[in-house]
Amino acid sequence: MASNTKFIFVTGGVLSSLGKGLASAAIGTLLESRGLTVTIQKLDPYINVDPGTMNPFQHGEVYVLDDGTETDLDLGHYERFTHAKVGRNNNFTTGKIYYSVISKERRGDYLGGTVQVIPHITDEIKNSIKLVADGVDVVIVEIGGTIGDIESLPFLEAIRQFKADAGKDNVLYIHLTLVPYIATAGEVKTKPTQHSVKELRSIGIQPDILLCRTDQYLSKEIKSKIALFCDVSVDAVITAKDVECIYEVPLIFHKEGLDNKIVELLNIWTRAPVLEDWEQLVQSVKAPKHSVNIALVGKYVDLTDSYKSLNEALTHGGIANDARVNITFVDSETIDDKSCSQLLVDADGILIPGGFGARGVEGKICAAKYARENKVPFFGICLGMQIAVAEFARNVAEMPGAHSQEFDVDTPYPVIYLMVEWYDDKTGSIQRRDVSSDKGGTMRLGAYPCIIKKETSAFRAYGVAEISERHRHRYEFNNAYKAVLEEKGLVVSGTSPNGELVEMIEVRDHPWFLGCQFHPEFKSRPMDPHPLFREFIRAALEHAATRT
Ligand code: GLN
């Protein structure tokens, strides 16, 4: 750890879902805009070692990093809002911390000592924080959960101790809280904030800055009241106003003086922030010239957090085309050949995202067929590509019952299958997987290179022949069917460098029909929209134009 590295700890109070992840990411944006280098780390209080095995219904999307780490969706915010290099050390859970401590205990590293929460667990937490500190000016650490939860106590104790270790000029505590407007009283209420800060102080942490989530700018009086009760200075009470567009958060924080206060309290000298590009970005999201309807055909339709990165990537695709992207979630379980045209009639583009499990798979096949036959732009991601291949095999290449082995082990045409052995470009070795391998341990995870074939939609989008994208799946395209499917008009437009793994497919004689085995949504940035999302939205706009 460089001796001049500064640490900002972000905690949350009152209730969850106040946007701590976004707030942490926006703090990163502001510090970068002043020329500082940052990284952001998330400490999650749950016992799972990583979120890889968690149900998206409960926990939202599993976000995947280049190095293959499966993380919390907040890491997606960090990557979209900053240039921070994030890897496995940017997300620790209680489970991961205990796993490491218990492994050390089994190895005898503690030399017979009694292993305890303090100091062993707290030391492990502090060391995990230090792991990301090399080479950056500021480390922002977001503590998951809400103050008052039993689970987060060891993390809070560790960050309390951290101040003594790193020096008081180097550590800052920011607390995100709620200041609700109560309509019957006609005023905003500060009591929940007072209680939350009291709770935080009872465990030894005095916040330096309060981010007050609210739907209106707080008056000077309210800020003074909060400052008085919570023992912070008035200019450290920041309105975290609700926003229409998440990319506005850094701008609101800046207007409220947050970055000024941070650099003042941490005693950092920086240049003035440059935020013109963010202002322009927000402008183009809020007032686009065009608009386009995209149908997202999936399983987790009730919980949009499950498709967080996808939503963002679609928005970015819209930004690149000066268009608002209206996303309609269509539950694939409600789709069949009859209902299909009715449910998808308004769609200018159809997207089938990644997924696991058989539920709704036949509905997705119907949607892919509809898009192919009606020449509606189609984008299939991971499972979406596998569905498109099965549909093409069944309905174009005359392979009735063609399927992925994930859903039908006895299919006569396993066009998508469990490849038991393949050459892994990342490790330069042969990898193996089989049905009985550990759940979670058998997936192709993280960044893999892909070679793109010229004169394809993929090549037109990327403009280069070699790319790298992130993966998270078990099943692969079955090369035994490659020749016959190609002969019928399927185009394999991207493969692994040795050609063994099919990474992208297209359909010939269609305006835009593309499936990819990877998850491009993880690499899209508001300032740098992903080429496939940009092109998908462009094709959808063209489709919309032909209909009016
Ligand atoms: N269930 C499919 C597989 O494991 C697709 C996974 C995904 O879409 N992420 O291969």
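In region 495-507, the qualifying residues are those that are within 16 Å of the ligand (Cβ to nearest atom) and surrounded by 21 or more Cβ atoms within 10 Å (Cβ to Cβ), and the one that is farthest from Thr427 (Cα to Cα) is Ile505.
From the residues in region 438-464 that are part of a strand (DSSP E or B) and more than 14 Å from the ligand (Cβ to nearest atom), which one is surrounded by the fewest Cβ atoms within 10 Å (Cβ to Cβ)? Step through it out loud before you land on a result.
If we filter region 438-464 for residues that are part of a strand (DSSP E or B), which is where we start, we get 444-452.
This time we only want the ones that are more than 14 Å from the ligand (Cβ to nearest atom), so: 447, 449-452.
Values: Ala447: 20, Pro449: 14, Cys450: 26, Ile451: 16, Ile452: 20.
Residue satisfying both the conditions and the ranking: Pro449.
Within region 210-263, the residues that satisfy the criterion of being within 17 Å of Ala26 (Cβ to Cβ) and basic (Lys, Arg) are Arg213, Lys241, Lys255, Lys261. The C-beta contact set for region 465-482 (first residue more than 8 Å from the ligand (Cβ to nearest atom), second residue assigned to a helix (DSSP H, G or I), distance under 7 angstrom, 6+ apart or interchain) comprises Glu469/Pro520; Glu469/Lys523; Arg470/Phe522; Arg470/Lys523; Phe477/Val389; Tyr481/Ala393.
This table checks each residue for (1) over 23 Å from Phe253 (Cβ atoms); (2) surrounded by fewer than 20 Cβ atoms within 10 Å (Cβ to Cβ).
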position	(1), (2)
Leu131	yes, yes
Gly135	yes, yes
Gly148	yes, yes
Phe155	yes, no
Arg160	yes, yes
Ile174	no, no
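For region 344-390, the tally of residues that are of a type in the set (Lys, Arg), within 16 Å of the ligand (Cβ to nearest atom) and modelled with pLDDT of 95 or more stands at 1.
Out of Lys255, Lys261, Lys286, report the one residue that is surrounded by 19 or more Cβ atoms within 10 Å (Cβ to Cβ) and among the charged types (D, E, K, R). Spell out the reasoning first.
Working: Lys255 fails: surrounded by 19 or more Cβ atoms within 10 Å (Cβ to Cβ); Lys286 fails: surrounded by 19 or more Cβ atoms within 10 Å (Cβ to Cβ).
None of the others qualify; the one that does is Lys261.
For region 508-517, the count of residues that are surrounded by 24 or more Cβ atoms within 10 Å (Cβ to Cβ), in contact (Cβ under 8 Å) with a residue 24 or more places away in the chain and within 16 Å of Asp425 (Cβ to Cβ) is at least one. Looking at this structure, is Glu521 of a type in the set (Asp, Glu) and touching an Asp or Glu at 6+ places or on another chain (Cβ under 8 Å)? Considered against the rule, which asks whether it is of a type in the set (Asp, Glu) and touching an Asp or Glu at 6+ places or on another chain (Cβ under 8 Å), Glu521 comes out as yes.
Glu199: in a loop (DSSP other than H, G, I, E, B), on the phi < 0 side of the Ramachandran plot and touching a residue at least 40 places away in the same chain (Cβ under 8 Å), yes or no? In short, no.
Counting only helices (runs of 4 or more DSSP H) that sit completely within region 26-141, those holding 2 or more residues that are over 27 Å from Thr427 (Cα atoms) and within 14 Å of the chain's Cα centre (by Cα) correspond to 56-59, 74-81.
hydroxyl-bearing (Ser, Thr, Tyr), away from the ligand (no atom under 14 Å from the Cβ) and either modelled with pLDDT under 95 or over 25 Å from the mean Cα position of the chain (by Cα) (or both): does that describe Thr411? Criteria met by Thr411.
Restricting attention to region 518-548, which residues are among the basic types (Lys, Arg) and not in a helix (DSSP H, G or I)? Steps first, answer last, please.
Pass one, region 518-548, residues among the basic types (Lys, Arg): 523, 525, 534, 538, 547.
Selection gives Arg525 alone.
Per this entry, Gly186 is counted among residues that are under 23 Å from Ala227 (Cα atoms), exposed (fewer than 13 other Cβ atoms within 10 Å of the Cβ), modelled with pLDDT under 95 and not acidic (Asp, Glu).
Only a single item in (1) in contact with a Phe, Trp or Tyr (Cβ under 8 Å, 6 or more places away or on another chain); (2) surrounded by fewer than 13 Cβ atoms within 10 Å (Cβ to Cβ); (3) under 28 Å from Ile294 (Cα atoms) is not met by Cys382, and it is number (2).
Among the residues of region 87-116, how many are polar (S, T, N, Q) and touching a Phe, Trp or Tyr at 6+ places or on another chain (Cβ under 7 Å)?
2
In the condition set (1) out of contact with any helix residue (DSSP H, G or I) (no Cβ under 8 Å at 6 or more places or on another chain); (2) closer than 26 Å to Glu486 by Cβ; (3) surrounded by fewer than 23 Cβ atoms within 10 Å (Cβ to Cβ), Val345 is compliant with all but (2).
A single entry from Ala227, Ala185 fulfils the requirement of being part of a loop (DSSP other than H, G, I, E, B) and either without any contact (Cβ under 8 Å) to a residue 24 or more places away in the chain or aromatic (Phe, Trp, Tyr) (or both): Ala185. When you look at Val282, is it without any contact (Cβ under 8 Å) to a residue 40 or more places away in the chain and assigned to a helix (DSSP H, G or I), yes or no? In short, yes. Taking the conditions (1) of a type in the set (Gly, Ala, Ser); (2) within 15 Å of the ligand (Cβ to nearest atom); (3) assigned to a loop (DSSP other than H, G, I, E, B) in turn, Gly515 satisfies each one other than (3).
The values are calculated or read from the model by the stated rules, or taken from the named source; none is laboratory data. The structure displayed is predicted, hence computed values, not measured ones. Here the Cβ is made from the backbone with ideal geometry for all residues, glycine too, and neighbour counts use every protein chain on show.
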